[in-house]
């Protein structure tokens, strides 16, 4: 059921699975990119510790650029560095970058078509107690509307590291979204990662089993996921399999350009799609999938994410539960979409 | 070395040609900004025909100085100066703002080599100039260890950022002013076109800016003020900025909006509109006869 080609960790459903925030992958990834390319810089707006820019700063103090609390200036200055042939990664919280400096990103980075990597930290409600002001739920939508902008939401720290290194080798604008709270480290260094490629994590029609689950099962619903929700999607898939409901879990770290081939081929096999993202359902990942499928292979879609509301204070777990972002909610959506179709047939 | 009178005259002559081209391109475009481009023609003539180290045949030349135009709406003056300097045929100026033209209403770097950046939305040019200037300082002092750049440092390439006075209203400008002062970017020279107008009226009525000098000095800049139509004074200021190794320099260039056409000089209503064909003829005559001081056969 777990796709062996995804080369995921062995103990993937173990409650003690190691957890790290994706922002750690920004720290390790920028150091790796900085080692292989002396033009790589990290710009930060007075948040070096929490963004993990500090890790790069310790390794390459001369290439760490402190911008102060000035995100607009950071974006346009990053453009200036890129004009001079540098490869700037600019880090702040997503609520401020791209939240505050969207127009600077649009004009000086995107319209200039410059290789700047905009890194939005602390995205989503899992920021926790800081509350709605700091819980960015609109960044994927904002950034994917910009022509030429690549948009990536890594699902664990290792995938984030790979995304950062891959972004350093591009030549056009990139947005990468990171989270504050730890998420299960379920991928390995061997897990394939390529910008623009989706990856099947779970396929109930595959012969290889998971303990206690009968195989194979006809895949009836595709669960398409991005960013922090991917491991939850796997947990949901296993629970559904135990009930005899076969699914395919497609992880889509690159939201733009969307791997439309993978999205369509999975939808073709299942005819039902549930999308999940820690982002508003308007304009984000679910919208991207819906746009693609409505044109190329219309199927019934349910989009999970925040439903046109802001976040609030609470623990990350409380908030994820409240806004319907968990394996349980994915399971409910899958059952619902199947029941709905069943009713229609009757 | 001081320029000879003949050399200054040559630059002034280019400024007049640039003004003529500005009028012709705005009439052809049927939209665009008139006051700012006419007001800065002397400065752009001085930049393109003396100050800048550049090669019109090789706009991407690595050793060139960089000129960032922050207030992108005055780009007709840059297009005209570039055309007269040989970047592209002067006739191409008449494609300004037309479909398919490389000469977009506001400058777009990917479309025309030599523009350095995209601008129009105000307040962002100085930040980009800062990034460039910092990079050039980094490159000039490799290998290096420890935080930041060392200043002063010998650096062969300079960065010029042309800004409007109205755009000093933008918060982003002051974030950039603060950052340049902090980092002592002595290879950066900002030029403010102090023409005292913006779209809705006089700058001091819309949002008072004075004392600009005191503001920049407070942010650790070296400040020079010149008559922006006195080519020699402007070039002297640029030379002085080169000799200041402790901080960035801003040249506050006092200019007359619409300079060269008496009917529109000082009139903020001409900030954002072009002359009609009829007005264009009269304006060209004004420019070519130095406001009627020369006989009409020169027109």
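The GNM of chain B, with springs linking C-alpha atoms under 10 angstrom apart, assigns the highest mean-square fluctuation among B:34, B:151, B:203 to B:151. In the range B:206-299, Cα pairs under 8 Å separated by at least six residues give a relative contact order of 20 percent. Rounded to 0.05, the FRET efficiency of the residue A:328 and residue B:169 pair, given R0 = 51 Å and the Cβ-Cβ distance, is 0.50. DSSP finds beta bridges in the range A:19-184, and of those with both partners inside it, around 10 percent are antiparallel.
From the square roots a ≥ b ≥ c of the eigenvalues of the alpha-carbon gyration tensor of the range B:1-121, which class results: rounded (a/c under 1.5), prolate (a/b over b/c), or oblate?
Note, shape of the range B:1-121 comes out oblate.
Placing a label point 7 Å from the Cα of residue A:37 along the Cα-to-Cβ direction, the residues of the range A:175-200 with a backbone N closer than 15 Å are A:175-176, A:195.
For a label point 7 angstrom out from the Cα of residue A:317 toward its Cβ, which stretches of the range A:114-146 have the backbone nitrogen within less than 15 Å? The answer is A:126, A:128-129, whose backbone nitrogens lie closer than 15 Å to the label point.
With each label point set 7 Å from Cα along the Cα-Cβ vector, what nm distance links residue A:295 and residue A:310? Simple spin-label model gives 3.4 nm for this pair.
Taking only the C-alpha atoms of the range B:138-219, Rg followed by Dmax gives 15.8, 51 Å. Where is the GNM fluctuation largest for chain B (alpha-carbon springs, 10 angstrom cutoff): B:158, B:109, B:66? Sorting by GNM fluctuation, first place goes to B:109. Counting neighbouring beta carbons within 10 Å and listing from fewest to most, the residues B:101, A:171, A:228 come out as A:171, B:101, A:228.
Here r is the Cβ-Cβ distance between residue B:141 and residue A:169 and R0 is 45 Å; the resulting FRET efficiency, rounded to 0.05, is 0.95. Among the residues of A:79-90, the average count of other protein chain beta-carbon atoms within 10 Å of the residue beta-carbon is 6. Among A:208, A:71, A:278, the largest mean-square fluctuation in a Gaussian network model of chain A, built with springs joining Cα atoms closer than 10 Å, belongs to A:208. For chain A, the longest principal axis of the alpha carbon atoms and the long axis of helix A:260-270 meet at an angle near 20°.
For chain B, the longest principal axis of the C-alpha atoms and the axis of helix B:231-243 are separated by about 10°. Legend: mean number of C-beta atoms from other chains within 10 angstrom of residue C-beta atoms, peptide A:35-46, equals 1. Once the Cα-Cα distance is subtracted from the 0.36 nm per residue extended length, the residue B:31 to residue B:206 segment shows a gain of 60.6 nm.
Which value at 222 nm does chain A reach when only helices count, each DSSP H run of 4 or more adding -39,500 (n - 2.57), with the total divided by all residues and rounded to the nearest 500 deg cm²/dmol?
Computed mean residue ellipticity for chain A: -10000 deg cm²/dmol.
Relative to one another, the C-alpha centroids of the range B:65-96 and the range B:197-238 are positioned 23 Å apart. Residues of the range B:231-245 with an amide N closer than 18 Å to a point placed 7 Å from the Cα of residue B:4 along the Cα-to-Cβ direction: B:232.
Working note: 222 nm ellipticity from helices only, DSSP H runs with n ≥ 4, each -39,500 (n - 2.57), summed and divided by the residues of chain B, gives -11500 deg cm²/dmol to the nearest 500.
Computed from label points 7 Å out along Cα-Cβ, the spacing between residue A:54 and residue A:339 is 4.8 nm.
Extension gain, residue B:243-residue B:91: 0.36 nm per intervening residue step, less the Cα-Cα distance, totals 50.8 nm. Averaged over the residues of peptide B:207-219, the number of Cβ atoms from other protein chains lying within 10 Å of each residue's Cβ is 0.
Over the range B:5-298, Cα pairs under 8 Å with separation of 6+ residues give a relative contact order of 23 percent. Between the Cα long axis of helix B:5-29 and the first principal axis of chain B there is an angle of about 70°, rounded to the nearest 10.
For the range A:19-184, just say rounded, prolate or oblate: build the C-alpha gyration tensor, square-root its eigenvalues into a ≥ b ≥ c, call rounded for a/c under 1.5, and beyond that prolate if a/b exceeds b/c, oblate if not. Judged from the Cα gyration tensor, the range A:19-184 comes out rounded (a/c under 1.5).
Label sites at residue A:14 and residue A:218, each approximated as a point 7 angstrom past Cα along Cα to Cβ, lie 3.7 nm apart.
Only the coordinates and a few stated rules stand behind these numbers; no lab work does. Being a predicted model, the structure only gives us computed values, none of them experimental. Please note: Cβ atoms are built from the backbone with ideal geometry, for glycine as well, and neighbour counts cover all protein chains shown.
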